[in-house]
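Participant: This structure is in structure tokens; I'll ask about it shortly.
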Amino acid sequence: FRRQPLLLWRMMMGVLKTRVLKKRMVRSVELAVTYNCNLRCDECFALKWLEEKKSKFLTVDEIKKLWDQAYAMGATHVNLTGGEPIGRKDIADVVRALKPRGTLISLVTNGIMVTEEKIIALRKAGLNTLQVSLDSSKPELHDRYRGYKGCYDKAINAARLALKHGLNVCFTTIATHENIKTDDLPEMLKIARKMGILLLINFAGRSGGWHEKDFLTL
């Protein structure tokens, strides 16, 4: 917040308006900036749109107009998802369009396309947090789930690059009936702790690639 005093002020005003004045405010927005992706992960919620190839992603100008509205409604956080957001050549322009002085901007990536050059560009554009997808503490399992050999190493490297250049970093994973029966979640937490970052645990949703996989969803 030392780098973003306006964001801190907007968050404090949001608390005041919701807790004291009892107003309803928008806090956070999930924004899929593309459905294009370099992987075909089994759990992908966007698999349907990816396969249909009918969805046009929003332009930078459209994203700016959308965020102007959300910002006016009190939104202080936006999480850029996909697809693979890093795959957009104009992703730094997207970040700049989201009023980074007053917005906490995070981005989810599988790490494969992350380079030091891109991290530096995103950091300068105003990105606050990089969320790196991690499906398992075991490299071979993570790679299998992602369908890409070496994806685990790419994810770890992406997190290290982001830390090196001063971004907030967390691993993001999904709790399923499969991995809560093993030591996988605690092991992922150990990896995150060792690197000095957080582990964000999401609940599996019955959508996309897991639309009919009730044996996995909680």
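Participant: What residues have an amide H closer than 5 Å to that of A204, excluding those fewer than 5 places away on the same chain, when H is modeled at 1.01 Å from N in the peptide plane?
Facilitator: Distant-sequence amide H within range of A204: A175, L218.
Participant: I'd like the Karplus ³J(HN,Hα) series for segment 87-104: coefficients 6.51, -1.76, 1.60, θ = phi - 60°, whole numbers in Hz, and an x wherever there's a Gly or Pro.
Facilitator: So the Karplus estimates, Gly and Pro as x, are x, 6, 5, 9, 4, 5, 5, 4, 4, 5, 6, 9, 6, x, 5, x, 9, 8 Hz.
Participant: Apply the Karplus curve 6.51 cos²θ - 1.76 cosθ + 1.60, θ = phi - 60°, to the phi angles in segment 196-204 and return the couplings in whole Hz, x for Gly and Pro.
Facilitator: x, 10, 8, 10, 8, 9, 9, 8, 5
Participant: Any idea how far the Cα center of segment 124-161 sits from the one of segment 51-118, in Å?
Facilitator: 19
Participant: Another question, then. Subtract the Cα-Cα distance of M113 and I180 from 0.36 nm times their separation in residues, and report this length gain in nm to one decimal.
Facilitator: Difference between extended and current length: 21.2 nm.
Participant: Projected onto the charge dipole of the chain (+1 at Lys/Arg Cβ, -1 at Asp/Glu Cβ, origin at the Cα centre), which of Q131, A155, L104 gives the Cα projection farthest towards the positive end?
Facilitator: Going by the Cα projections, it comes out as L104.
Participant: Once amide H atoms are placed 1.01 Å from N in the peptide plane, what residues at a sequence separation of 5 or more from N38, or on another chain, have their amide H within under 5 Å of its amide H?
Facilitator: E84
Participant: Now a separate question. Using a 1.4 Å probe on the protein heavy atoms, what percent of the accessible area of the chain belongs to carbon and sulfur?
Facilitator: Within the chain, the accessible surface is 56 percent carbon and sulfur.
Participant: Determine the per residue accessible area of segment 142-211 with all protein chains present and a 1.4 angstrom probe, expressed in square angstrom.
Facilitator: 57
Participant: Which pairs break 28 Å Cα to Cα here: K17/K64; K17/K99; K99/K138?
Facilitator: K99/K138
Participant: Could you sort the peptides 140-150, 71-81 by per-residue average Cβ neighbour count (10 Å cutoff), highest mean leading?
Facilitator: Sorting 140-150, 71-81 by mean packing, highest first, produces 71-81, 140-150.
Participant: Calculate the radius of gyration of the Cα atoms of the chain to one decimal place, then report Dmax, the largest Cα-Cα distance, as a whole number, both in Å.
Facilitator: In order Rg, Dmax, the Cα atoms of the chain give 17.7, 53 Å.
Participant: State the Kirkwood hydrodynamic radius of segment 64-143 in Å, one decimal place, computed from all pairs of distinct Cα atoms.
Facilitator: Averaging 1/r across every pair of different Cα atoms and inverting gives 13.5 Å.
Participant: Scale the Cα Rg of segment 111-176 by the rule-of-thumb value 2.2 N^0.38 Å and send over the ratio, two decimals.
Facilitator: 1.12
Participant: Ignoring everything except DSSP H segments at least 4 long, calculate the 222 nm mean residue ellipticity for the chain; use -39,500 (n - 2.57) per segment, divide by total residues, nearest 500.
Facilitator: Per the formula, -11000 deg cm²/dmol.
Participant: Over segment 69-108, what per residue volume does the convex hull of the Cα atoms give, in whole Å³?
Facilitator: Taking only Cα atoms, segment 69-108 has a hull volume of 65 Å³ per residue.
Participant: Near the amide H of L104, under 5 Å away, which other amide H atoms are found, from residues 5 or more places off or on another chain, if H is placed in the peptide plane?
Facilitator: H77, V78
Participant: Determine, for each peptide in 159-165, 13-19, 130-136, the mean count of other beta carbons within 10 angstrom over its residues, then list the peptides with the highest first.
Facilitator: 130-136, 159-165, 13-19
Participant: Compute the relative contact order of the chain as a whole-number percentage, counting only Cα pairs closer than 8 Å that sit 6 or more residues apart in sequence.
Facilitator: The value is 19 percent.
The values are calculated or read from the model by the stated rules, or taken from the named source; none is laboratory data. Values in this document were obtained by computation on a predicted structure and should not be read as measured data. Here Cβ is always computed from backbone atoms with ideal geometry, including for glycine, and neighbour counts include all displayed protein chains. Quick note on the areas: whole protein, heavy atoms, side chains included, nothing else; ligands and nucleic acids left out. Shrake-Rupley method; radii C 1.70, N 1.55, O 1.52, S 1.80 Å.
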